[in-house]
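Below is one structure; the comments refer to it alone.
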Ligand SMILES: [Zn+2]
């Protein structure tokens, strides 16, 4: 199939402590919380298509959304800020209303989201009704997740993408040289999303009913997993190392 050039972006959730003893229920609830946060972020982006949910990350792609110049960088940044906002709005709601004492629910406030973005060539492959992406740049953007960015929530951009940024977008970005596993040295730039985020919406009203609805929702959706009737998906960052 023909090779396409496009924007590749991954939103990745992390923050459950790695040293906790997870029980089956904790993991099932953590999985439910992460799935909802990913869904809220995917819904918040109009310019990118979901390729795949990969554990606690969403891999997204769009053939050159917004053009090939500074608009492309602006699009990557705008989509990341929108998804970051949607993540924290839902996180706040769950943290306010969820009464469940399990670690999967109790730690929701610790979760963070980071974004990595790259401009690259991909070969779309249709497998049944799904479109998968193949190529070196797909590997490249995934390797960018393992980096040395010193802040917790950021957008990390590759050189081919960053080259398109104009002066205005360059303000506030910091360069980093990364050794990407199996890829080699790569120049990257990151923006701290905490500095760019819009204020959170007002906290939800905490009523008995709202709390029941939120808490029971998690408990019921996660029940088949907690009972072992359905298999838990692999949550890379959630499972203790
Ligand atoms: Zn729970």
Worksheet item: To the nearest 500 deg cm²/dmol, what mean residue ellipticity at 222 nm is calculated for the chain from DSSP H runs of n ≥ 4 alone, each contributing -39,500 (n - 2.57), summed and divided by the residues?
Response: -11500 deg cm²/dmol
Fill in: Gained length - residue 121 relative to residue 146, 0.36 nm times residue gap less alpha-carbon distance
6.9 nm
Item to complete: Provide 46, 158 in ascending order of the number of other Cβ atoms located within 10 Å of each residue's Cβ, fewest first.
Response: 46, 158
Worksheet item: So if R0 is 45 Å, what FRET efficiency would residue 139 and residue 221 give, r being the distance between their Cβ atoms, rounded to the nearest 0.05?
Response: 0.85
Practice prompt. Let me know the shape class of segment 149-241, please: from the alpha-carbon gyration tensor, a ≥ b ≥ c as square roots of the eigenvalues, rounded when a/c is under 1.5, otherwise prolate if a/b is greater than b/c, or oblate.
Written response: oblate
Worksheet item: For the chain, what relative contact order do you get, as a whole percent, if you take Cα pairs closer than 8 Å and at least 6 residues apart?
Response: 31 percent
Worksheet, complete the sentence: Expected max-MSF residue from 118, 23, 84 in the GNM of the chain (alpha carbon, under 10 Å) is 23
Discussion item. With angles folded into 0 to 90 degrees, how steeply does helix 70-97 sit against the dominant principal axis of the chain? Use alpha carbons for both and round to 10.
Written reply: 10 degrees
Worksheet item: Among 206, 138, 34, whose mean-square fluctuation peaks in a Gaussian network model of the chain (Cα, cutoff 10 Å)?
Response: 206
Item to complete: Rank the residues 112, 231 as a footprinting-exposure proxy: fewest other Cβ atoms within 10 Å of their Cβ go first.
Response: 231, 112
Practice prompt. Report the full-extension gain for the segment residue 200 to residue 163: residue separation times 0.36 nm, less the Cα-Cα distance, to one decimal in nm.
Written response: 10.2 nm
Discussion item. For segment 43-178, give me the percentage of DSSP beta bridges that are antiparallel, rounded to the nearest 5 percent.
Written reply: 75 percent
Discussion item. Compute the distance from the alpha-carbon center of segment 49-91 to that of segment 146-196, in whole Å.
Written reply: 15 Å
Worksheet, complete the sentence: Once residue 5 and residue 89 are pulled to full extension, the length gained, defined as 0.36 nm per residue separation minus their Cα-Cα distance, is 27.0 nm
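Quick note: the coordinates plus some simple rules give every number you see, no bench work behind them. As the structure is a computational prediction, the values presented were derived from the model and not from experiment. Ideal geometry is used to build each Cβ from the backbone, glycine not excepted, and the neighbour counts take in all protein chains shown.
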